[in-house]
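**Student:** First the structure, which I've put down as C-alpha coordinates, then a few questions once you've had a look.
The values are calculated or read from the model by the stated rules, or taken from the named source; none is laboratory data. It should be emphasised that the depicted structure is a prediction, and the values quoted were computed from it without experimental measurement. Because the Cβ atoms are built from the backbone with ideal geometry, glycine has one as well, and the counts that use them run over all protein chains shown.
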Amino acid sequence: MNTSFINEVASLGGFTEEDRRLLAEMKPALEKHAATIVDNFYANLEKNERTRAILYAKPGRIEALKGHLRRWLVSLAEGVYGDDYFANRYRIGYRHVEVGLEPRYVIAAMAYCRTIAARYIVDTEYADDPQKEARYAALNKVMDLDLNIMLQSYDDKRVQQFLEVTGFSRELFENLMSGEV
Ligand code: HEM
(Lines give C-alpha, C1' and ligand atoms only; values in the text may rest on other atoms or scores of the structure.)
Protein backbone atom coordinates (compact mmCIF):
# COMPACT_ATOMS: atom_id res chain seq x y z
CA MET A 1 0.00 0.00 0.00
CA ASN A 2 2.71 2.47 0.98
CA THR A 3 5.04 1.43 -1.79
CA SER A 4 2.13 1.73 -4.21
CA PHE A 5 1.44 5.27 -2.91
CA ILE A 6 5.05 6.16 -3.69
CA ASN A 7 5.04 4.39 -7.05
CA GLU A 8 1.85 6.15 -8.11
CA VAL A 9 2.86 9.69 -7.14
CA ALA A 10 6.43 9.13 -8.40
CA SER A 11 5.09 7.98 -11.74
CA LEU A 12 2.65 10.91 -12.02
CA GLY A 13 5.38 13.35 -11.00
CA GLY A 14 7.90 11.87 -13.44
CA PHE A 15 10.31 10.84 -10.66
CA THR A 16 12.40 8.35 -12.61
CA GLU A 17 15.34 5.97 -12.08
CA GLU A 18 17.53 8.67 -13.62
CA ASP A 19 16.38 11.15 -10.94
CA ARG A 20 17.23 8.58 -8.27
CA ARG A 21 20.66 8.09 -9.79
CA LEU A 22 21.32 11.83 -9.92
CA LEU A 23 20.22 12.21 -6.29
CA ALA A 24 22.50 9.38 -5.17
CA GLU A 25 25.34 11.09 -7.01
CA MET A 26 24.57 14.37 -5.23
CA LYS A 27 24.65 12.81 -1.76
CA PRO A 28 28.22 13.96 -0.97
CA ALA A 29 27.22 17.51 -1.97
CA LEU A 30 24.16 17.29 0.28
CA GLU A 31 26.37 16.15 3.15
CA LYS A 32 28.87 18.91 2.47
CA HIS A 33 26.30 21.75 2.42
CA ALA A 34 23.72 20.35 4.85
CA ALA A 35 24.80 22.53 7.78
CA THR A 36 24.56 25.74 5.72
CA ILE A 37 21.19 24.77 4.26
CA VAL A 38 19.85 23.87 7.70
CA ASP A 39 21.04 27.16 9.21
CA ASN A 40 19.36 29.08 6.38
CA PHE A 41 16.16 27.06 6.75
CA TYR A 42 15.73 27.87 10.45
CA ALA A 43 16.90 31.48 10.08
CA ASN A 44 14.02 31.87 7.63
CA LEU A 45 11.53 30.26 10.04
CA GLU A 46 12.74 32.54 12.81
CA LYS A 47 11.56 35.56 10.81
CA ASN A 48 7.92 34.52 11.12
CA GLU A 49 6.15 35.09 14.45
CA ARG A 50 4.14 31.84 14.37
CA THR A 51 6.97 29.53 13.35
CA ARG A 52 9.44 31.24 15.69
CA ALA A 53 7.06 30.70 18.64
CA ILE A 54 6.87 26.97 17.81
CA LEU A 55 10.63 26.63 17.41
CA TYR A 56 11.27 28.16 20.84
CA ALA A 57 8.31 26.60 22.65
CA LYS A 58 10.68 24.08 24.29
CA PRO A 59 14.27 24.59 25.41
CA GLY A 60 16.73 22.87 23.09
CA ARG A 61 14.09 22.24 20.40
CA ILE A 62 15.72 24.23 17.62
CA GLU A 63 19.09 22.53 18.20
CA ALA A 64 17.43 19.10 18.04
CA LEU A 65 15.50 20.14 14.93
CA LYS A 66 18.69 21.12 13.15
CA GLY A 67 19.93 17.55 13.58
CA HIS A 68 16.59 16.14 12.36
CA LEU A 69 16.56 18.35 9.28
CA ARG A 70 20.16 17.56 8.45
CA ARG A 71 19.45 13.81 8.49
CA TRP A 72 16.27 14.34 6.49
CA LEU A 73 18.10 16.34 3.84
CA VAL A 74 20.85 13.78 3.30
CA SER A 75 18.35 10.92 3.28
CA LEU A 76 16.64 12.46 0.23
CA ALA A 77 19.51 10.87 -1.68
CA GLU A 78 19.41 7.40 -0.06
CA GLY A 79 18.10 5.88 -3.27
CA VAL A 80 15.45 3.56 -1.78
CA TYR A 81 11.92 4.96 -1.89
CA GLY A 82 9.71 2.17 -0.53
CA ASP A 83 7.73 1.26 2.59
CA ASP A 84 10.37 2.44 5.06
CA TYR A 85 10.75 5.74 3.25
CA PHE A 86 6.99 6.25 3.27
CA ALA A 87 6.73 5.38 6.99
CA ASN A 88 9.54 7.79 7.85
CA ARG A 89 8.04 10.71 5.90
CA TYR A 90 4.54 9.95 7.17
CA ARG A 91 5.83 10.00 10.75
CA ILE A 92 7.63 13.31 10.11
CA GLY A 93 4.40 14.78 8.73
CA TYR A 94 2.44 13.43 11.67
CA ARG A 95 4.81 15.05 14.16
CA HIS A 96 3.91 18.43 12.64
CA VAL A 97 0.21 17.61 13.02
CA GLU A 98 0.88 16.76 16.68
CA VAL A 99 2.62 20.07 17.39
CA GLY A 100 -0.33 21.92 15.85
CA LEU A 101 1.53 23.35 12.86
CA GLU A 102 -0.85 24.27 10.04
CA PRO A 103 0.09 22.59 6.72
CA ARG A 104 0.66 25.89 4.89
CA TYR A 105 3.84 26.42 6.93
CA VAL A 106 5.23 23.03 5.91
CA ILE A 107 4.41 23.75 2.25
CA ALA A 108 6.06 27.18 2.39
CA ALA A 109 9.11 25.77 4.21
CA MET A 110 9.52 23.11 1.52
CA ALA A 111 9.37 25.82 -1.16
CA TYR A 112 12.12 27.69 0.66
CA CYS A 113 14.14 24.50 1.08
CA ARG A 114 14.04 23.87 -2.68
CA THR A 115 15.47 27.30 -3.36
CA ILE A 116 18.35 27.02 -0.95
CA ALA A 117 19.12 23.42 -1.92
CA ALA A 118 19.29 24.49 -5.58
CA ARG A 119 21.64 27.33 -4.67
CA TYR A 120 24.01 25.41 -2.41
CA ILE A 121 23.95 21.99 -4.06
CA VAL A 122 23.51 22.58 -7.78
CA ASP A 123 24.72 26.14 -8.35
CA THR A 124 27.78 25.64 -6.17
CA GLU A 125 28.80 22.08 -6.96
CA TYR A 126 27.50 21.60 -10.51
CA ALA A 127 27.78 25.08 -12.04
CA ASP A 128 29.06 23.81 -15.43
CA ASP A 129 27.51 20.36 -15.35
CA PRO A 130 25.56 19.48 -18.52
CA GLN A 131 22.97 17.82 -16.27
CA LYS A 132 22.47 20.91 -14.12
CA GLU A 133 18.79 21.32 -15.03
CA ALA A 134 18.15 17.61 -14.43
CA ARG A 135 19.72 17.97 -10.97
CA TYR A 136 17.39 20.84 -10.03
CA ALA A 137 14.49 18.74 -11.26
CA ALA A 138 15.56 15.63 -9.31
CA LEU A 139 15.76 17.63 -6.06
CA ASN A 140 12.35 19.16 -6.75
CA LYS A 141 10.75 15.83 -7.50
CA VAL A 142 11.99 14.13 -4.34
CA MET A 143 10.87 17.12 -2.24
CA ASP A 144 7.46 16.95 -3.91
CA LEU A 145 7.28 13.28 -3.01
CA ASP A 146 8.11 14.06 0.62
CA LEU A 147 5.61 16.89 0.79
CA ASN A 148 2.92 14.66 -0.66
CA ILE A 149 3.50 12.00 2.01
CA MET A 150 3.75 14.55 4.83
CA LEU A 151 0.45 16.15 3.77
CA GLN A 152 -1.23 12.75 3.58
CA SER A 153 -0.68 12.41 7.32
CA TYR A 154 -2.48 15.75 7.85
CA ASP A 155 -5.40 14.59 5.74
CA ASP A 156 -5.66 11.24 7.54
CA LYS A 157 -5.55 12.89 10.96
CA ARG A 158 -8.28 15.39 10.06
CA VAL A 159 -10.58 12.71 8.66
CA GLN A 160 -10.00 10.59 11.77
CA GLN A 161 -10.89 13.55 14.03
CA PHE A 162 -14.00 14.29 11.97
CA LEU A 163 -15.17 10.67 12.23
CA GLU A 164 -14.60 10.64 15.99
CA VAL A 165 -16.49 13.90 16.56
CA THR A 166 -19.42 13.16 14.24
CA GLY A 167 -19.70 9.40 14.74
CA PHE A 168 -19.91 9.04 10.94
CA SER A 169 -18.71 5.78 9.44
CA ARG A 170 -15.78 6.01 7.06
CA GLU A 171 -18.00 4.68 4.29
CA LEU A 172 -20.56 7.46 4.80
CA PHE A 173 -17.78 10.04 4.88
CA GLU A 174 -16.22 8.71 1.65
CA ASN A 175 -19.63 8.77 -0.04
CA LEU A 176 -20.24 12.34 1.13
CA MET A 177 -16.88 13.42 -0.24
CA SER A 178 -17.47 11.77 -3.58
CA GLY A 179 -20.89 13.47 -3.83
CA GLU A 180 -22.63 10.11 -4.21
CA VAL A 181 -25.08 10.45 -1.29
C1 HEM B 1 10.35 21.18 4.60
C2 HEM B 1 9.59 21.20 5.67
C3 HEM B 1 9.96 20.49 6.94
C4 HEM B 1 10.71 19.37 7.13
C5 HEM B 1 11.33 18.48 6.06
C6 HEM B 1 10.79 19.11 8.54
C7 HEM B 1 11.45 18.06 9.13
C8 HEM B 1 11.27 17.67 10.44
C9 HEM B 1 11.76 16.45 11.02
C10 HEM B 1 12.61 15.42 10.28
C11 HEM B 1 11.30 16.38 12.28
C12 HEM B 1 11.54 15.26 13.31
C13 HEM B 1 10.31 14.36 13.33
C14 HEM B 1 10.40 13.24 14.32
O15 HEM B 1 10.36 13.49 15.53
O16 HEM B 1 10.53 12.10 13.88
C17 HEM B 1 10.54 17.58 12.52
C18 HEM B 1 9.90 17.89 13.69
C19 HEM B 1 9.39 19.14 13.97
N20 HEM B 1 9.33 20.21 13.11
FE21 HEM B 1 9.72 20.19 11.15
N22 HEM B 1 10.10 20.10 9.19
C23 HEM B 1 9.60 20.97 8.25
C24 HEM B 1 8.88 22.12 8.48
C25 HEM B 1 8.70 22.65 9.74
C26 HEM B 1 8.19 23.97 10.00
C27 HEM B 1 7.75 25.02 8.95
C28 HEM B 1 8.15 24.12 11.34
C29 HEM B 1 7.69 25.36 12.05
C30 HEM B 1 8.16 25.79 13.18
C31 HEM B 1 8.60 22.86 11.94
C32 HEM B 1 8.68 22.56 13.28
C33 HEM B 1 8.87 21.29 13.79
C34 HEM B 1 8.61 20.92 15.17
C35 HEM B 1 8.10 21.83 16.28
C36 HEM B 1 8.94 19.56 15.29
C37 HEM B 1 8.83 18.67 16.53
C38 HEM B 1 10.02 18.88 17.40
C39 HEM B 1 9.90 18.14 18.73
O40 HEM B 1 9.56 16.94 18.71
O41 HEM B 1 10.15 18.80 19.73
N42 HEM B 1 8.95 22.02 10.92
N43 HEM B 1 10.56 18.35 11.39
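**Student:** So if I check each of 176, 172, 147, which one is within 15 Å of the ligand (Cβ to nearest atom) and either without any contact (Cβ under 8 Å) to a residue 12 or more places away in the chain or not polar (S, T, N, Q) (or both)?
**Tutor:** Testing whether each residue is within 15 Å of the ligand (Cβ to nearest atom) and either without any contact (Cβ under 8 Å) to a residue 12 or more places away in the chain or not polar (S, T, N, Q) (or both) leaves just 147.
**Student:** Test each condition in (1) farther than 28 Å from residue 11 by Cβ; (2) without any contact (Cβ under 8 Å) to a residue 40 or more places away in the chain for residue 129 and report the one that comes out false.
**Tutor:** It fails just one condition, (1).
**Student:** Here is a list: 38, 80. Which entry is under 26 Å from residue 125 (Cα atoms) and crowded, with 16+ Cβ neighbours inside 10 Å?
**Tutor:** 38
**Student:** Filter region 54-87 down to residues that are in a helix (DSSP H, G or I), more than 8 Å from the ligand (Cβ to nearest atom) and without any contact (Cβ under 8 Å) to a residue 40 or more places away in the chain, then give me how many there are.
**Tutor:** Counting residues in region 54-87 that are in a helix (DSSP H, G or I), more than 8 Å from the ligand (Cβ to nearest atom) and without any contact (Cβ under 8 Å) to a residue 40 or more places away in the chain gives 7.
**Student:** Take region 98-113 and flag every residue that is part of a helix (DSSP H, G or I), within 15 Å of the chain's Cα centre (by Cα) and either near the ligand (Cβ under 9 Å from one of its atoms) or loosely packed, with under 12 Cβ neighbours inside 10 Å (or both).
**Tutor:** Once the filter is applied, which keeps residues that are part of a helix (DSSP H, G or I), within 15 Å of the chain's Cα centre (by Cα) and either near the ligand (Cβ under 9 Å from one of its atoms) or loosely packed, with under 12 Cβ neighbours inside 10 Å (or both), region 98-113 yields 104, 105, 106, 107, 108, 109, 110, 111, 112, 113.
**Student:** While we're looking at this one, here's another question. Right, residue 168: surrounded by fewer than 18 Cβ atoms within 10 Å (Cβ to Cβ) and in a loop (DSSP other than H, G, I, E, B) or not?
**Tutor:** yes
**Student:** Name the pairs whose Cβ atoms lie under 9 Å apart, with the first residue in region 91-104 and closer than 12 Å to residue 156 by Cβ, the second near the ligand (Cβ under 6 Å from one of its atoms) and at pLDDT 95 or above, and 6 or more positions between them or separate chains?
**Tutor:** 93/106
**Student:** To continue, here is another question. I need a count of the residues in region 20-53 that are in contact (Cβ under 8 Å) with a residue 24 or more places away in the chain, in contact with a Lys or Arg (Cβ under 8 Å, 6 or more places away or on another chain) and not aliphatic (A, V, I, L, M).
**Tutor:** 2
**Student:** Whether any residue in region 116-136 is touching a helix residue (DSSP H, G or I) at 6+ places or on another chain (Cβ under 8 Å), away from the ligand (no atom under 12 Å from the Cβ), small (Gly, Ala, Ser) and within 21 Å of residue 26 (Cα to Cα) is what I want to check.
**Tutor:** The answer is yes, given that some residue of region 116-136 is touching a helix residue (DSSP H, G or I) at 6+ places or on another chain (Cβ under 8 Å), away from the ligand (no atom under 12 Å from the Cβ), small (Gly, Ala, Ser) and within 21 Å of residue 26 (Cα to Cα).
**Student:** Hey, could you check region 2-18 for residues that are among the charged types (D, E, K, R) and without any contact (Cβ under 8 Å) to a residue 40 or more places away in the chain and say which is farthest from residue 85 (Cα to Cα)?
**Tutor:** Looking at residues that are among the charged types (D, E, K, R) and without any contact (Cβ under 8 Å) to a residue 40 or more places away in the chain, I get 17.
**Student:** Kindly provide the set of residues from region 114-128 that are assigned to a helix (DSSP H, G or I), surrounded by 18 or more Cβ atoms within 10 Å (Cβ to Cβ) and not β-branched (Val, Ile, Thr), ordered by number.
**Tutor:** Across region 114-128, the qualifying residues are 117, 120.
**Student:** Where residues in region 38-53 are aliphatic (A, V, I, L, M) and within 11 Å of the ligand (Cβ to nearest atom), which of them is nearest to residue 15 (Cα to Cα)?
**Tutor:** Here the residue is 38.
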